[in-house]
Amino acid sequence: MSGRISWLVTGAGGQLGSELVALLRAEDEHVVAATRAELDVTGDGVADVLRDWARTAHGRPVVLNAAAWTNVDAAEAEPDAAAAANVDGPTRLATACDELSATLVHVSTDYVFPGVVDPGSAPRPYEVDDPVGPRTVYGATKEAGERAVRERARRHYIVRTAWVYGAVGGNFVKTIAALRHRRDTLDVVADQIGGPTWAPDLAAGLVELARSDAPHGTYHCTGAGQASWFELARAVFDEVGADPERIRPCDTAAFPRPAPRPAYSVLSGRSWSAAGLSVQPHWRDALRSAFESSRSSLDTPI
């Protein structure tokens, strides 16, 4: 889709939001970076902030919503807080975007699917139109947020992603890299399979989608291929020059958590590629590129 775009990024201080802002500013785009202090999507002032932004927008208005409650375990104990961020926030944004004829790009998650592997059957990547069935408070709030966006914003893209790691904030990749200094061996679960996703690659995909002529609707965007947490951890050790054999496989039962984790939550990129969008790099290539470009941020003490 041609023409200049005015961008507003919610959650601009977070792992994904910061990458979206950096990418757009590097391309000299007109972008408003709204951190939580500047735009709390759970508050009553969302519509006023978006109206003020749209009044001065120089081009087609697009909101990239990277604001969310992402602490999966804490959501089990604080369902109201998770719902405020993951349901009420998208509802307010979608309502305001529809009023302003703005496009809303809303980020969702693999946790909207059950992630259960049926005995005796080979799992396959989830398609965008597969039945949802969240098994956690986090997943249920994200699925409800999706429904709110579909119901309230005519111009919307919902993009499900998974296993995101970036240079900002805490994540699995940073944790594994740091733990090599503190433990001789690490036990990491090998029976949970997903699609590791480098935040700058995801940011680039979201921006490409917003600029495109792709039909409004739901898409999946993750690193290509699939891996277990065990395989990802070994790859991290390889990147930092540590012996991958120090990473030992275990099963999920070894690490009980308040929220159940999906056994298999690989997302199919079929709808993404069918829309003519750039295929995401393979997760292993992306991890190598991540350490080449952001080693000082990814390999930090904890």
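The values are calculated or read from the model by the stated rules, or taken from the named source; none is laboratory data. Note that the structure is predicted; figures quoted are calculated from it, not measured. Glycine also receives a Cβ, built like all others from the backbone with ideal geometry; neighbour counts cover every protein chain displayed.
Take the residues in the stretch 3-20 that are surrounded by fewer than 24 Cβ atoms within 10 Å (Cβ to Cβ) and over 15 Å from the mean Cα position of the chain (by Cα), then tell me which one is farthest from Gly89 (Cα to Cα).
Filtering first and then ranking leaves Gly3.
Scan the stretch 21-69 residue by residue and report those that are surrounded by 20 or more Cβ atoms within 10 Å (Cβ to Cβ), over 16 Å from Arg211 (Cβ atoms) and either in contact (Cβ under 8 Å) with a residue 60 or more places away in the chain or among the basic types (Lys, Arg) (or both).
Of everything in the stretch 21-69, those that are surrounded by 20 or more Cβ atoms within 10 Å (Cβ to Cβ), over 16 Å from Arg211 (Cβ atoms) and either in contact (Cβ under 8 Å) with a residue 60 or more places away in the chain or among the basic types (Lys, Arg) (or both) turn out to be Ala68, Trp69.
Table: residues versus (1) of a type in the set (A, V, I, L, M); (2) at pLDDT below 95.
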residue: Ala122; (1), (2): yes, yes
residue: Asp130; (1), (2): no, no
residue: Val137; (1), (2): yes, no
residue: Tyr157; (1), (2): no, no
residue: Lys174; (1), (2): no, no
residue: Arg182; (1), (2): no, yes
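Mind telling me which of the residues Lys142, Lys174 ends up being surrounded by fewer than 24 Cβ atoms within 10 Å (Cβ to Cβ) and not acidic (Asp, Glu)?
Numbers: Lys142 fails: surrounded by fewer than 24 Cβ atoms within 10 Å (Cβ to Cβ).
Answer to the check: Lys174.
So, in the stretch 213-222, exactly how many residues are over 19 Å from the mean Cα position of the chain (by Cα) and either exposed (fewer than 14 other Cβ atoms within 10 Å of the Cβ) or among the β-branched types (Val, Ile, Thr) (or both)? Step through it out loud before you land on a result.
So in the stretch 213-222, the residues over 19 Å from the mean Cα position of the chain (by Cα) come out as 213-215.
Filter once more, keeping what is either exposed (fewer than 14 other Cβ atoms within 10 Å of the Cβ) or among the β-branched types (Val, Ile, Thr) (or both): 213, 215.
Residues in the stretch 213-222 being over 19 Å from the mean Cα position of the chain (by Cα) and either exposed (fewer than 14 other Cβ atoms within 10 Å of the Cβ) or among the β-branched types (Val, Ile, Thr) (or both): 2 in total.
State whether the residues of the stretch 198-210 include one that is at positive phi and at pLDDT 95 or above.
First pass over the stretch 198-210, keeping only residues at positive phi: none.
Scanning the stretch 198-210 turns up no residue that is at positive phi and at pLDDT 95 or above.
Name the pairs: first residue in the stretch 70-94 and touching a residue at least 60 places away in the same chain (Cβ under 8 Å) and surrounded by fewer than 19 Cβ atoms within 10 Å (Cβ to Cβ), second residue among the β-branched types (Val, Ile, Thr) and in a helix (DSSP H, G or I), Cβ to Cβ under 9 Å, at least 6 apart or on different chains?
These pairs meet every condition: Glu76/Val137; Ala77/Val137; Pro79/Val137; Pro79/Thr141.
Applying the selection to the stretch 148-167, what residues are part of a loop (DSSP other than H, G, I, E, B) and either buried (at least 19 other Cβ atoms within 10 Å of the Cβ) or in contact with a strand residue (DSSP E or B) (Cβ under 9 Å, 6 or more places away or on another chain) (or both)? Show your work before the answer.
Within the stretch 148-167, the first condition is being part of a loop (DSSP other than H, G, I, E, B), and the residues that meet it are 153-155, 162-163, 166-167.
Result: Ala153, Arg155, Ala162, Trp163, Gly166, Ala167.
Please give the number of the condition Gly170 fails out of (1) assigned to a loop (DSSP other than H, G, I, E, B); (2) farther than 21 Å from Asp73 by Cβ; (3) within 15 Å of the chain's Cα centre (by Cα).
All conditions pass for Gly170, except number (2).
Surrounded by 18 or more Cβ atoms within 10 Å (Cβ to Cβ), at pLDDT 95 or above and part of a helix (DSSP H, G or I): does that describe Ala235?
Numbers: surrounded by 18 or more Cβ atoms within 10 Å (Cβ to Cβ): yes; at pLDDT 95 or above: yes; part of a helix (DSSP H, G or I): yes.
Yes; evaluated as a whole, the condition is true for this residue.
Tell me which residues, restricted to the stretch 276-296, are over 18 Å from Val266 (Cα atoms), part of a helix (DSSP H, G or I), of a type outside the set (Ser, Thr, Tyr) and in contact with a strand residue (DSSP E or B) (Cβ under 9 Å, 6 or more places away or on another chain).
Answer for the stretch 276-296, where residues must be over 18 Å from Val266 (Cα atoms), part of a helix (DSSP H, G or I), of a type outside the set (Ser, Thr, Tyr) and in contact with a strand residue (DSSP E or B) (Cβ under 9 Å, 6 or more places away or on another chain): just Ala290.
For the stretch 69-111, how many residues meet the condition of being closer than 10 Å to Val137 by Cα and of a type in the set (Val, Ile, Thr)?
Matching residues across the stretch 69-111 total 1.
Hey, among the residues in the stretch 112-139 that are in contact with a helix residue (DSSP H, G or I) (Cβ under 7 Å, 6 or more places away or on another chain) and assigned to a loop (DSSP other than H, G, I, E, B), which one's surrounded by the most Cβ atoms within 10 Å (Cβ to Cβ)?
So the residue we want is Thr136.
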